[in-house]
Amino acid sequence: MGKTAARTQENVIRICRPNIEGATDIKDACSLSLWSDWNWESDPDLVMERSSIHVLLFGDPGVAKSQIIKDIVYLAPKGKFGQVTNMTRGGLSTVAVMENGAWHVKSGFFSQGDQGVVALDEIDKVHDPQDLNCLVSVLNEQIQHVSKAGQNDLKFNTRTAVLGAANPVKGGYLKTGRS
């Protein structure tokens, strides 16, 4: 990383939740999601390796995970924040809607964040295997192939860095240290 980029990242870390003491490593890790070597002109189907940096913050409730990822999304040129508990699978991926008597497939959360940063709070609340497959597809392939409402093999780009926040099972660490 060049001197200018390092200085910029230091500024991002300083700006990100200055009222939260410490957590420099966490702020640093999340700020890396703002930088990507993605070539936006590339066809996602031809790209062999993804370049977006994904970060999952896993820790006890009330330790500022959500606030930090919200700040990074705010600092991103293009960013979206959402809570898994308030979303449906359609909201995460795509949704078919009828408008003026015709079916249309609209982009969901991840494709709306294409070429930016998206943050999902409460990722630990995803339990449905189909929802998990949607997340894995977005994180891995950076593109969603969709067949809905009579429209087949639609492609939605999801070239985005994903920040996630999750809590341990039952809201805290067990005495054994495992969740």
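The values are calculated or read from the model by the stated rules, or taken from the named source; none is laboratory data. Fair warning: this is a prediction, and the values are worked out from it, not measured in the lab. In this analysis, Cβ positions are derived from the backbone assuming ideal geometry, glycine residues included, and neighbour counts consider all displayed protein chains. Calculation scope for accessible area: heavy atoms of the full protein, side chains included, ligands and nucleic acids excluded. Shrake-Rupley method; radii C 1.70, N 1.55, O 1.52, S 1.80 Å.
Name the single residue, out of those in the stretch 83-96 being in contact with a helix residue (DSSP H, G or I) (Cβ under 8 Å, 6 or more places away or on another chain) and open to solvent by 40 Å² or more (accessible area, probe 1.4 Å), that is modelled with the highest pLDDT.
Thr85
Just need a number here: residues in the stretch 100-117 that are touching a strand residue (DSSP E or B) at 6+ places or on another chain (Cβ under 6 Å) and in a loop (DSSP other than H, G, I, E, B).
Of the residues in that region, 4 qualify.
What pairs come out if I take residues in the stretch 11-23 that are in contact (Cβ under 8 Å) with a residue 12 or more places away in the chain and pair them with residues that are open to solvent by less than 40 Å² (accessible area, probe 1.4 Å) and assigned to a helix (DSSP H, G or I) whose C-beta lies under 6 Å away, six or more apart or interchain?
Partner pairs satisfying both residue conditions: Val12/Ser31; Ile13/Lys27; Ile13/Ser31; Cys16/Lys27; Cys16/Asp71; Arg17/Ile68; Arg17/Asp71.
Scan the stretch 28-42 residue by residue and report those that are under 30 Å from Pro168 (Cβ atoms) and at pLDDT below 75. Before the answer, list the steps.
The first filter runs over the stretch 28-42 and keeps only residues under 30 Å from Pro168 (Cβ atoms), leaving 28-36.
Selection gives Ser36 alone.
Among the residues in the stretch 101-109, are any in contact (Cβ under 8 Å) with a residue 24 or more places away in the chain and surrounded by fewer than 13 Cβ atoms within 10 Å (Cβ to Cβ)? Give the derivation first.
Our first condition is that a residue be in contact (Cβ under 8 Å) with a residue 24 or more places away in the chain; within the stretch 101-109, this holds for 103-105, 107-109.
Now restrict to residues that are surrounded by fewer than 13 Cβ atoms within 10 Å (Cβ to Cβ): 103.
Yes; the residues of the stretch 101-109 include at least one that is in contact (Cβ under 8 Å) with a residue 24 or more places away in the chain and surrounded by fewer than 13 Cβ atoms within 10 Å (Cβ to Cβ).
Let's see how each residue does on (1) assigned to a loop (DSSP other than H, G, I, E, B); (2) surrounded by 12 or more Cβ atoms within 10 Å (Cβ to Cβ); (3) at pLDDT below 90:
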residue	(1), (2), (3)
Pro44	yes, yes, yes
Val47	yes, yes, yes
Ser66	no, yes, no
Met98	no, no, yes
Val138	no, yes, yes
